[in-house]
1. Tell me, please, whether a residue that is within 12 Å of chain A (Cβ to nearest Cβ), within 25 Å of the chain's Cα centre (by Cα) and polar (S, T, N, Q) can be found in the range B:36-43.
2. Which of the residues that make up the range B:101-154 are at the interface with chain A (Cβ under 9 Å from one of its Cβ atoms) and in contact with a strand residue (DSSP E or B) (Cβ under 7 Å, 6 or more places away or on another chain)?
3. When the range A:149-206 is examined, which residues are found to be of a type in the set (Phe, Trp, Tyr) and modelled with pLDDT under 95?
4. Mind counting the residues in the range B:3-55 that are free of Cβ contacts under 8 Å to residues at least 12 places away in the same chain, small (Gly, Ala, Ser) and farther than 25 Å from B:Phe86 by Cβ?
5. Find the residue count for the range B:157-180, including only residues that are open to solvent by less than 10 Å² (accessible area, probe 1.4 Å), in contact with a strand residue (DSSP E or B) (Cβ under 9 Å, 6 or more places away or on another chain) and closer than 27 Å to A:Arg18 by Cβ.
6. Within the range A:229-275, take every residue that is farther than 16 Å from A:Leu188 by Cα and open to solvent by less than 30 Å² (accessible area, probe 1.4 Å) and give me the one that is farthest from the chain's Cα centre (by Cα).
7. Give the number of residues within the range B:166-197 that are touching a Lys or Arg at 6+ places or on another chain (Cβ under 7 Å) and facing chain A (nearest Cβ under 10 Å).
8. Take the range B:20-48 and flag every residue that is surrounded by fewer than 21 Cβ atoms within 10 Å (Cβ to Cβ), in a loop (DSSP other than H, G, I, E, B) and of a type outside the set (Ser, Thr, Tyr).
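The values are calculated or read from the model by the stated rules, or taken from the named source; none is laboratory data. Note that this is a predicted model, so its numbers are computed, not measured. Glycine gets a Cβ as well: all are built from the backbone with ideal geometry, and neighbour counts include every protein chain shown. Only protein heavy atoms, including side chains, enter the accessible area calculation; ligands, DNA and RNA are left aside. Shrake-Rupley method; radii C 1.70, N 1.55, O 1.52, S 1.80 Å.
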Amino acid sequence: MSTANREAPGTGAAPLGRQVPAAAKLVHFIGHQLQLQVRAVIGWSLALGLYTAAMVAIFPSFSDLENLTAAIPEGMREGLGITDIGTIEGFLSAEAFSIVTPLALAFFPMLSLSAVIAGAEERGTIDVLFSNPLPRWLVVVGSFLAVAISLLAVVVIIGLLMWSTALLVGVDLDFSDAAAAVLNLWPLCMFFGSLALLCSAIFHRRLFGIAIPGVLLLGMYLLDVIGNLSEDLEDARVLSVFHHYGSAIEEGIDGSGFAGITCFAVLFVILAVAAFHRRDIYT
Amino acid sequence: MAAVIETDKLTKTYGKNRGIVDVDLQVDSGEIFGFLGPNGAGKTTTIRTLLGFQRPASGTASVFGLDSRRDSVQIRSRVGNLPGEFTLEDRMTGEAMLRYFARLRGVESLDYARHLAGRLGADLKRPMRRLSRGNKQKVGLVLAMFHRPELLILDEPTGGLDPLVREEFLALIAEVRDEGRTVFFSSHVLGEVERICDRIAVIRGGRLAAVEPTSEIINKSFRHVRIAFARQLKNKEMRKFAALAGVDNFDHDSNSLSFTLYGNYDDVVKLAARHTVVDIDFERPPLEEIFMTYYADPQERGMP
């Protein structure tokens, strides 16, 4: 400290730096967020990738799959949307892509995006971040885009682990079906993630940013399942995002469902920008 | 001198809770402005409103002539800020944050940042979770100052710093002023404010109690007076001192007396001169004591 050269480098007192365009700031912000999310991406990818890979690996061990399908009660088959688990596509749809993976993976963007505003307020890091010349909209949009990229990386890794396992164990899983299955997770998860971002922008409590979309996630799932079983609730299924999610591994991606869910996710981000712009930043 | 910071009846409330009320401030270019007050007085609320983190309930705040809320991004591009509770992501190192902030501000050379880190002894290589409070604060100071901002806003900047680093920091702040830049320095450590600040604002209960040049606050304040006489004074003569305007806390023994004097030096000197004075002492109170008078009940101090 005292031994350091006291002569400051540079000349005069002119401020250092230059005006940085918003687009460049956005790129730097996203890059930093991605850096912070690396561990989470690895963790979620491995957890769900190994799970789906395990489902693929055990598939050949079932010798009498037609009877297995028949053994599942009809109500349960209808409710869970199980068609034919005698094929690898039907099996993975039932075991991985209808319940476990979407319900679990939705928590990745929910946790990440609730941490951006309300989480940073609770951790006390938000004042340091906003000491920089960052517009509020940039933090909201940049966080959404960073998580969207991270989530894409997670689903790609899950898909690669699943497909490469199929190759290894000799299961005939088409690459395009595997790709459709994992890519179809992206809008569904971002829907709940951007809802978490919106709640975080409104309430400045991270708990609300997780609890509200979490309850809605389970509620929409149950609505879709019960709507499959009950004629009274069948029309209400349209309100559930799971109704539009479908079974991409068997039927391919439903373009309108994919686009519609993505539009809602973007709408939540726009609302989050407006909400965060209006309110005070808390610490 | 042009005003860098200007507030007009700035008020911020949190629901029914008081934040700051009718704060009128003007901080001029090139000065070190001390903002004094105990915890909860409204220092951080004022700073966070100036930076556009929160919206005023009423009144206005401008920095560089720009509206604190509408032009917040432009303001922050010209300001270095050290928040009162400086916290970074635990896994990040100071070096990583410095590079990140440099990209956001378009700073290409980190030579000045390294110079600051060297003088303050800031460890930029270790993750934040492994740094003590004082070492985190050093990183925070580097991050606030590395881009040579026109205005430095420092909220309790010396918290956790050891005495040697504090000295180096105060020297750095003096250099910032010598370069013509402005410093808004919030603190409750009065000694350091007295040493480096050109002007001081005292905030109490969310309201400004005083804004004065540091020297005037000290000179305008009271004195502790002690007078010793060559012979014993009669009680009647002693009471004449006690009856003088501005005399308080009067005490005496057989041939000496002591009291607190608010102005009116002339009458005291003239009355004392009627006797043989062997010793006289007009002691200037420490800033701490002056400061506490701003926190006493206004009626006790004879204020309206």
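1. No, the range B:36-43 has no match at all.
2. Answer for the range B:101-154, where residues must be at the interface with chain A (Cβ under 9 Å from one of its Cβ atoms) and in contact with a strand residue (DSSP E or B) (Cβ under 7 Å, 6 or more places away or on another chain): B:Gly140, B:Ala144, B:His147, B:Pro149, B:Glu150, B:Ile153.
3. A:Phe203
4. Total satisfying the criteria: 1.
5. 3
6. Out of the qualifying residues, it is A:Ala236.
7. Within the range B:166-197, residues that are touching a Lys or Arg at 6+ places or on another chain (Cβ under 7 Å) and facing chain A (nearest Cβ under 10 Å) number 2.
8. B:Gly30, B:Glu31, B:Pro38, B:Asn39, B:Gly40 - these are the residues of the range B:20-48 that are surrounded by fewer than 21 Cβ atoms within 10 Å (Cβ to Cβ), in a loop (DSSP other than H, G, I, E, B) and of a type outside the set (Ser, Thr, Tyr).
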